[in-house]
Amino acid sequence: MKFKNRNLRAIAEMVIGDVQYFPYRSSSYITQFFEECDLDFVHDGSTRWWWTQERLSELLEEPQPAAHALPERFVHVLRVLMHKADAEEEDPDRSLALEALNKPLSREGYEALYGDDDLLYIRHIGTKTISTALNPHRPFTPKEIEKRELLIDYLNKCSEDELIEEILLPLFRQLGYHRITAAGHKDKALEYGKDVWMKFILPTQHVLYFGLQAKKGKLDSSGVTKSGNANVAEIYNQVVMMLGHEIFDPEIGKRVLVDHGFIVAGGEITKAARNWLGNQLDASKRSQILFMDREDILNLYVVANLPLPLGANSQTFLEEDGLSF
């Protein structure tokens, strides 16, 4: 990925502090800044903006984690640059610095914004894809833990339709999937093994198609299934149909086969259930199945910084903020 020289120089001048609302950095402090970004760049005494622009250009050439997402280390540099602890006296909330940063970013099709965790995020304007490495296994902040608990309460009381429409659809959109189409349980029009179909565009521009079968409760393999849970045997035929049924992609005007299938449970998917389903499917179909249970949903939803559904009833997280899409 490349930025125009004009835009990259503007960001470089912010790093070195030749722009209002950014702290000035001499040669040694430029090196110190990149150390804070976990980079081993050492300023060689050459023209500050030119040298910094070259380093930023190198970071932009690194692989993109997903389509329409900026390289991770480049995003990390912007996040360190915009840390609120470095606010200037005339810009205590860094809103003016954010406005300055967004001028070159917007010309490249991106925008910067603060989340409710006060960290900077970079979003692609066209697709709304967030350029950040999602690490669902990192420690959560107290605010994120509170949000997670509210989401657990919502999952305990929501319907299967609400699980799909209020949780899964926004989550997969945020993760970079496209053309997400929900079958819907109300009209039963597409109840042949897929609750949702969607596609994911690889950086090579190849397209993978996904079907998704969702169950509200726990997915187990016991002989007697408790009320509210689902037995994996119930989902077996739906999975087979999901992998063998064609879907119509209106963007290319063709019918295509599903490449992979997600089985998503609002509760736990037991290890026995996963093993049972794996034993029923042949080797080729088995490799096409992906599982997500409650823990995966909770962790991904929190690190993606999505706003809670209205039914979760939390004023703390429903108020408008930079990442409430």
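Some points to look at:
- Here the Karplus curve 6.51 cos²θ - 1.76 cosθ + 1.60, taken at θ = phi - 60°, turns the phi angles of segment 267-276 into couplings of x, 7, 9, 5, 4, 4, 5, 4, 5, 4 Hz, with x standing for Gly and Pro.
- One Cα centroid belongs to segment 197-214, the other to segment 1-78; the line between them spans 33 Å.
- Most mobile listed residue (Thr181, Thr47, Thr270) in the chain, GNM with C-alpha springs under 10 Å: Thr47
- Structure remark: mean-square fluctuation, Gaussian network model of the chain, C-alpha springs under 10 Å; the largest value among Gly267, Gly176, Gly253 belongs to Gly253.
- Simple rule: put +1 on each Lys or Arg Cβ and -1 on each Asp or Glu Cβ in the chain, find the dipole, and look at Phe262, Ala67, Gly45; the Cα lying farthest toward the positive end is Phe262.
- 14 Å beta-carbon shell around Tyr236, net charge (K/R +1, D/E -1): +1
- Estimated FRET transfer efficiency (Arg6, Tyr29; beta-carbon r; R0 25 Å; 0.05): 0.50
- Max mean-square fluctuation residue, GNM over the chain, Cα-Cα springs under 10 Å, options Lys147, Lys285, Lys271: Lys271
- Mean ellipticity per residue at 222 nm, deg cm²/dmol - from DSSP H runs of n ≥ 4 across the chain, formula -39500 (n - 2.57): -11000 deg cm²/dmol
- Fraction of antiparallel bridges per DSSP, the chain only, in percent to nearest 5: 60
- Links that overshoot a 23 Å alpha carbon limit, given the list Lys128/Lys215; Lys103/Lys199; Lys2/Lys103; Lys215/Lys254; Lys199/Lys271: Lys128/Lys215; Lys103/Lys199; Lys215/Lys254; Lys199/Lys271
- Residues Asn279 and Glu36, FRET efficiency given R0 of 51 Å [Cβ-Cβ distance, rounded to 0.05]: 0.50
Read-outs: derived from the displayed coordinates by stated rules, not from any lab. On a predicted model such as this, the values are computed, not experimentally measured, just so you know. Ideal geometry is used to build each Cβ from the backbone, glycine not excepted, and the neighbour counts take in all protein chains shown.
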